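Q: Just passing along the structure, written as structure tokens.
The values are calculated or read from the model by the stated rules, or taken from the named source; none is laboratory data. In this text, all values refer to a predicted model and were calculated from it rather than measured experimentally. No Cβ is skipped: glycine too gets one built from the backbone with ideal geometry, and neighbour counts run over all protein chains shown. Quick note on the areas: whole protein, heavy atoms, side chains included, nothing else; ligands and nucleic acids left out. Shrake-Rupley method; radii C 1.70, N 1.55, O 1.52, S 1.80 Å.
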Amino acid sequence: MRQKIYQIDAFANQTFAGNPAAVCILDAWLSPELMQNIARENNLAETAFAVKKDDTYEIRWFTPELEVDLCGHATLATAFVLFHFYNLDMDTVRFFSHRSGKLTVAKPDNGWLTMDFPADILVAIKNIDEIDQALGKPPIKTFKGKTDYMLVYSSQKEIEKIEPNFFLLDQVDARGVIVTAPGTEVDFVSRFFAPSCGIPEDPVTGSAHTSLTPYWSKELDRTKMTAKQLSKRGGDLVCEYLGDRVKISGKAVPYLEGEIDI
């Protein structure tokens, strides 16, 4: 069996930037074991699989290690593939995830795709010694969301200087750890570490911005903001807070189109 596969750089306006994701548009679901093996073979942060059902695409996301509840950049990449390679004649592609519910991505506007995701609910907690030790510097605030911890620092320079101990971070009982601060040229910056998912540092994490956007909207007293993820590849986003939903916009560029033999 041969299956079309695409590799897309999401949250980027040129190749070799943003966050690469593999995308497979399927006629019917493969077994979870096979999808996990494909993701492991791709060895990218995420591989997305989608199957059309009526006017909606069911979607699932796999890291090299496990299936995850939500992935922003791979959803953006999947929408890009449907719009550009499958000539999807819709203003908005509708996705459904059994783990995260209804998701949408609007057709590009000047090259930007806009995702509509459920907002995370953050709970303020005490600093966690193990995380502080792993990151080398305690934050000014710590929050717990649905799947991640979010640590707030006072400056962009502090975020840039963090050199995590990934062995210690791998012991944290969460999908990942977000670190964030006000930006110097954008409204806020972040980095995302998820060694327990096989991703020491994710280049650009759309789903993390479902946590970041509500927090910074309240802190900055605005609903629409610019953001940058400070990984080596880097990524640019525009985020909008809508109460129980967030809009996350970014560009995407194709890197690879091919077939895999399964």
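Q: Among the strands (runs of 3 or more DSSP E) lying completely within the stretch 57-118, list those that include at least 2 residues that are of a type in the set (Ser, Thr, Tyr) and touching a residue at least 12 places away in the same chain (Cβ under 8 Å).
A: Working: elements: 92-97, 101-109, 112-118.
Fully inside the stretch 57-118 and qualifying: 92-97.
Q: Could you check how many residues of the stretch 235-254 are in contact (Cβ under 8 Å) with a residue 40 or more places away in the chain, closer than 29 Å to PHE85 by Cα and open to solvent by 10 Å² or more (accessible area, probe 1.4 Å)?
A: Residues meeting the conditions: 9.
Q: Now a separate question. Could you grab the pairs with beta carbons closer than 6 Å, sequence gap of 6+ or different chains, first residue in the stretch 31-52 and among the basic types (Lys, Arg), second one modelled with pLDDT under 95?
A: Within 6 Å, the pairs are ARG40/PRO64.
Q: So which residues in the stretch 138-162 are over 21 Å from the mean Cα position of the chain (by Cα) and surrounded by fewer than 14 Cβ atoms within 10 Å (Cβ to Cβ), if there are any at all?
A: Of everything in the stretch 138-162, those that are over 21 Å from the mean Cα position of the chain (by Cα) and surrounded by fewer than 14 Cβ atoms within 10 Å (Cβ to Cβ) turn out to be ILE140, SER154, SER155, LYS157, LYS161.
Q: How many residues are open to solvent by less than 40 Å² (accessible area, probe 1.4 Å), of a type outside the set (Ser, Thr, Tyr) and modelled with pLDDT of 95 or more if we restrict to the stretch 84-102?
A: Counting residues in the stretch 84-102 that are open to solvent by less than 40 Å² (accessible area, probe 1.4 Å), of a type outside the set (Ser, Thr, Tyr) and modelled with pLDDT of 95 or more gives 2.
Q: Same structure again: Kindly list, by first and then second residue, each pair from a residue in the stretch 133-162 that is of a type in the set (Ser, Thr, Tyr) to a residue that is open to solvent by 70 Å² or more (accessible area, probe 1.4 Å), limited to pairs with Cβ atoms under 8 Å and residues at least 6 apart or on different chains.
A: Pairs found: THR142/ALA124; THR142/LYS126; TYR153/LYS137; TYR153/ILE140; SER154/ILE140.
Q: Here's a follow-up. Tell me which of these GLU130 doesn't satisfy, since it passes every other one: (1) touching a residue at least 24 places away in the same chain (Cβ under 8 Å); (2) under 21 Å from VAL68 (Cα atoms); (3) surrounded by fewer than 18 Cβ atoms within 10 Å (Cβ to Cβ).
A: Here GLU130 meets the rest and fails (2).
Q: Okay, moving on. Filter the stretch 148-159 down to the residues that are more than 11 Å from VAL177 (Cβ to Cβ) and either in contact with a strand residue (DSSP E or B) (Cβ under 8 Å, 6 or more places away or on another chain) or in a strand (DSSP E or B) (or both) and list them by number. Break it down stepwise before answering.
A: Of all residues in the stretch 148-159, those more than 11 Å from VAL177 (Cβ to Cβ) come to 152-159.
Passing the criteria: VAL152, TYR153, SER154, SER155, GLN156, GLU158, ILE159.
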